Amino acid sequence: MSVTSPTPARPARRGTAEGPARRGRVRKVKRFSGRDRLVVTLMLGIPAAVVLLLVWIPALFTVVLGFARWEGIGGLDTIQWVGLKNYRDIATIYPPFYPALQHNLIWLVFMFLVPTLLGILLAVLLDKELRGSRIYQTAYYLPVVLSLAITGFIWQLLYSRDQGLINAVTGAHVDWYGDPKVNLWAVLVATGWKHVGYIMLLYLAGLKAVDPSLREAAAMDGSSEVSTFFRVILPVMRPINLIVLVVTVIDSLRAFDLVWVVNKGRNGLEIIAALVMQNVVGEASRIGFGSALSTIMLLISSVFVVIYLNVVMRERK
């Protein structure tokens, strides 16, 4: 009969390579002090509370009021719930809605075809480190930071029927802001003037982050600069393209400032944002009806935001 001797326990091997390596893998967990926890809580809690109070709660309240009739006078007990009546009225007996929807669509197409493409072209040219490129960047981006009052004053000097620069140079007597046949295009040019600089800055930042070896490899393969940009550089800047897409769509839907300054969104300048303002704070004071229009804007813009978030999350995985 064989006797199996017990296996002796392995002594701890101090001083070997395994000991320090194992001890090196043990990380000390740093515990936050009470003051650190308070600072982190405030840094996260205050912005979250501001966004909740100023964005999410008003947005949810707007969606709820879209199913009600309320003039804004009296307490919340005066709200009358009407279901989908506001949306049916918008689609059937509210004449400005479809022209406004058409103008927003024209706005979106114009912003993509003119200011966005022009901003990309300027970014490509300024990326070549031309002499005085900093001056050009400042000049092109300056309209973005100008206030609405200054922007309106500048374009009023150009568009004025009696004293405007355009009519003075061309000898025409066009009422650029009053004629419903041309006032939409006049406002689009003014808005595009502000939009170009923003798009230029986004793409210029994206071009600076592109790996130079990609251009060198494309050049060694005999690719031209134009072909390299569209086949190599532009696909690499996919996150920038998505951001520009979402920003342009949202800006086209909530276009409001110059339209409201010109004629409060009437006489050829009907857009959805102006209709919301007319119903919410105008003489009619139909807050429920205006909330339904706002909800329609929210739903349209949310489609593109969801697409953007879906693509971003998929790329991170």
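The values are calculated or read from the model by the stated rules, or taken from the named source; none is laboratory data. Because the structure is a prediction, the values reported are computed rather than measured. Here Cβ is always computed from backbone atoms with ideal geometry, including for glycine, and neighbour counts include all displayed protein chains.
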Which of the residues spanning the stretch 166-200 are charged (D, E, K, R) and either touching a helix residue (DSSP H, G or I) at 6+ places or on another chain (Cβ under 7 Å) or under 30 Å from THR138 (Cβ atoms) (or both)? LYS194
Which residue pairs have Cβ atoms under 7 Å apart, sit 6 or more places apart or on different chains, and have a first residue in the stretch 250-267 that is without any contact (Cβ under 8 Å) to a residue 12 or more places away in the chain and a second that is part of a helix (DSSP H, G or I) and not aromatic (Phe, Trp, Tyr)? none
Helices (runs of 4 or more DSSP H) contained in the stretch 229-317 and holding at least 3 residues at pLDDT below 85, touching a helix residue (DSSP H, G or I) at 6+ places or on another chain (Cβ under 8 Å) and surrounded by 14 or more Cβ atoms within 10 Å (Cβ to Cβ): 238-253, 257-263, 287-316
Scan the stretch 89-105 residue by residue and report those that are part of a helix (DSSP H, G or I) and either surrounded by 15 or more Cβ atoms within 10 Å (Cβ to Cβ) or not aliphatic (A, V, I, L, M) (or both). ASP89, ILE90, THR92, PHE97, TYR98, PRO99, ALA100, LEU101, GLN102, HIS103, ASN104
Here's a check for you: in the stretch 25-63, which residue that is surrounded by fewer than 10 Cβ atoms within 10 Å (Cβ to Cβ) and part of a helix (DSSP H, G or I) is modelled with the lowest pLDDT? ARG25
Among helices (runs of 4 or more DSSP H) entirely within the stretch 112-208, at least 3 residues that are at pLDDT 90 or above occur in 117-126, 183-208
Hey, GLY119 hits all of (1) within 19 Å of TYR198 (Cα to Cα); (2) surrounded by fewer than 17 Cβ atoms within 10 Å (Cβ to Cβ) but one; which does it fall short on? (2)
Qualifying positions in the stretch 64-88 - loosely packed, with under 15 Cβ neighbours inside 10 Å and not small (Gly, Ala, Ser): VAL64, GLU71, ILE73, LEU76, ASP77, THR78, GLN80, TRP81, LEU84, ARG88
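For every residue, the table says whether it meets (1) surrounded by fewer than 20 Cβ atoms within 10 Å (Cβ to Cβ); (2) touching a strand residue (DSSP E or B) at 6+ places or on another chain (Cβ under 7 Å); (3) within 25 Å of ARG134 (Cα to Cα).
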| site | (1), (2), (3) |
| --- | --- |
| VAL174 | yes, no, no |
| TYR177 | no, no, no |
| VAL182 | yes, no, no |
| LEU188 | no, no, no |
| TRP193 | yes, no, yes |
| ILE199 | no, no, yes |
| TYR203 | no, no, yes |
| LYS208 | yes, no, yes |
| ALA218 | yes, no, no |
Among (1) over 24 Å from ALA186 (Cα atoms); (2) free of Cβ contacts under 8 Å to residues at least 60 places away in the same chain; (3) of a type in the set (Lys, Arg), where does ARG286 come up short? (2)
Which of the residues that make up the stretch 68-88 are outside any helix (DSSP H, G or I) and at pLDDT below 80? GLU71, GLY72, ILE73, GLY74, GLY75
